[in-house]
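First the structure, in the form of structure tokens, and then the observations on it.
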Amino acid sequence: LQGDSAVMRKLQNQVTRTALSDLPVFIQGEIGTGKELVAQAIHRGSIRAKYPFIRVNCRELLAGWNIETADGVKNCLMAAQGGVLFLDDIVHLSLEHQAQLLQILELGYYQNSDQERLFIDIRMMASTTVSHQELLVSGKLMTELYYRLNIVSITVPPLRERGDDIVSLARLLLLQYSRQYNGVAQCFSDDALNALRQYPWPGNVRELVSKLKRVALLADHQCVGSELLELPGTQEDTHSLKQARADSDRAAVIKVLENNHNQITASARELGISRATMYRLLKKYDLHPNKNK
């Protein structure tokens with residue numbers, strides 16, 4: 001949720017204000033935009049923060065509001081008591097569950113299979129990738145339930161609309177994953193920054209995270225170029241250009257070796273990489289420096 005763009009400042013303000021109330025929240029956004037992160041941020045800032053935040057994938061919800069966990073099957077309503085129940089992808093909630101959810105929102109309880117009244121004290125949050133208009137027209141969600149849940153509505157902006165937030169977020173994540181994976185990558189080249197800005201990011205922040213984890217693992221240099229990002233439509237994929245870049249990199253390694261009298265450790269230190277990475281570069285470019293010098 002970090003960022004200084006206008007859309008992110010608006011979102012941050014909505015999260016702060018929404019946390020002060022105890023109303024149901026409806027969070028809409030494309031896949032990978034961070035809808036669950038928004039719900040968690042609201043929970044952390046609310047009076048229910050010390051109580052559980054229970055996420056339920058509506059595709060996997062079992063009868064009786066049961067969910068499978070590592071510890072076995074449990075009732076998600078009881079597990080969320082006092083806290084927040086986050087219904088992820090609510091369009092996949094069954095009609096039976098929708099009717100029971102409406103009753104909980106209206107009366108504060110629902111009846112289990114033994115016709116017992118189970119009183120629930122939780123804050124409801126729901127997310128969807130479907131637009132509000134489509135929700136109403138498609139009939140995927142009961143109209144009355146939609147209006148009960150949609151008291152506070154938040155739309156999470158896609159990454160492509162966040163301007164230079166993309167660059168600042170990419171830099172932050174690159175450093176984070178480089179530390180996590182003991183990688184060498186520290187920054188992006190100008191062509192990589194342009195590629196990050198120009199790519200439409202259909203998978204949003206989730207796609208950015210996946211890309212940068214891969215980059216942090218595979219990078220041989222501190223400065224990451226656009227070719228390692230492998231973004232569709234931005235790759236320099238002609239053979240001649242790839243070969244020219246490889247030749248340039250090989251020449252740079254040779255120059256560093258010459259400057260350091262073929263000493264592997266000193267050369268690696270100048271490049272800001274580990275000895276292991278230096279040996280990979282030597283193997284990659286078929287270089288055999290005299291180690292005795």
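The table that follows gives values for the structure above.
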quantity	calculated
Single unsatisfied condition, ARG48 versus (1) in contact with a Lys or Arg (Cβ under 9 Å, 6 or more places away or on another chain); (2) more than 13 Å from VAL156 (Cβ to Cβ); (3) without any contact (Cβ under 8 Å) to a residue 60 or more places away in the chain	(3)
Matching residues, the range 31-50, being closer than 15 Å to MET8 by Cα, out of contact with any strand residue (DSSP E or B) (no Cβ under 8 Å at 6 or more places or on another chain) and part of a helix (DSSP H, G or I)	LEU37, ALA41
From the options GLU207, GLU134, residue that is out of contact with any helix residue (DSSP H, G or I) (no Cβ under 7 Å at 6 or more places or on another chain), modelled with pLDDT under 90, within 27 Å of VAL91 (Cα to Cα) and not β-branched (Val, Ile, Thr)	GLU134
Complete set of residues in the range 241-260 that are of a type outside the set (Asp, Glu), under 15 Å from LEU282 (Cβ atoms) and at pLDDT 75 or above	ARG250, ALA251, ALA252, VAL253, ILE254, LYS255, VAL256, LEU257, ASN260
Condition broken by ASN150, with the remaining ones in (1) within 30 Å of HIS92 (Cβ to Cβ); (2) crowded, with 16+ Cβ neighbours inside 10 Å; (3) without any contact (Cβ under 8 Å) to a residue 60 or more places away in the chain satisfied	(3)
Leading residue by the ranking (surrounded by the most Cβ atoms within 10 Å (Cβ to Cβ)) among those in the range 261-278 that are in a loop (DSSP other than H, G, I, E, B) and at negative phi	ILE273
Matching entry among GLU227, GLU236 (being surrounded by 14 or more Cβ atoms within 10 Å (Cβ to Cβ) and at pLDDT below 80)	GLU236
In the range 101-141, the residues that are over 17 Å from TRP65 (Cβ atoms) and assigned to a loop (DSSP other than H, G, I, E, B)	THR129, VAL130, SER131, GLY139, LYS140, LEU141
Members of the range 50-66 found to be among the charged types (D, E, K, R) and either more than 30 Å from ARG117 (Cβ to Cβ) or loosely packed, with under 15 Cβ neighbours inside 10 Å (or both), listed by number	LYS50, ARG59, GLU60
Residue match in the range 72-94 (condition: loosely packed, with under 11 Cβ neighbours inside 10 Å, out of contact with any helix residue (DSSP H, G or I) (no Cβ under 7 Å at 6 or more places or on another chain) and not in a strand (DSSP E or B))	no
Enumeration of residues in the range 163-208 that are out of contact with any strand residue (DSSP E or B) (no Cβ under 6 Å at 6 or more places or on another chain), assigned to a loop (DSSP other than H, G, I, E, B) and hydrophobic (A, V, I, L, M, F, W, C)	VAL184, TRP201
Qualifying residue in the range 198-219 (condition: of a type in the set (Gly, Ala, Ser), closer than 14 Å to GLY29 by Cα and outside the structural domain of GLN103 (by TED's automatic domain parsing))	yes
Complete set of residues in the range 77-98 that are at pLDDT below 95, closer than 23 Å to THR129 by Cα and out of contact with any Ser or Thr (no Cβ under 7 Å at 6 or more places or on another chain)	HIS92, LEU93, SER94, LEU95, GLU96, HIS97, GLN98
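Here's the yes/no breakdown for (1) at pLDDT 95 or above; (2) surrounded by fewer than 18 Cβ atoms within 10 Å (Cβ to Cβ); (3) under 16 Å from MET124 (Cα atoms):
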site	(1), (2), (3)
LEU1	no, yes, no
SER5	no, yes, no
VAL15	yes, no, yes
ALA19	yes, no, yes
ILE27	yes, no, yes
GLY32	no, no, no
VAL38	yes, no, yes
HIS43	yes, no, yes
ARG48	yes, no, yes
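The values are calculated or read from the model by the stated rules, or taken from the named source; none is laboratory data. The model shown is predicted, which means the values in this text are computed figures rather than measured ones. No Cβ is skipped: glycine too gets one built from the backbone with ideal geometry, and neighbour counts run over all protein chains shown.
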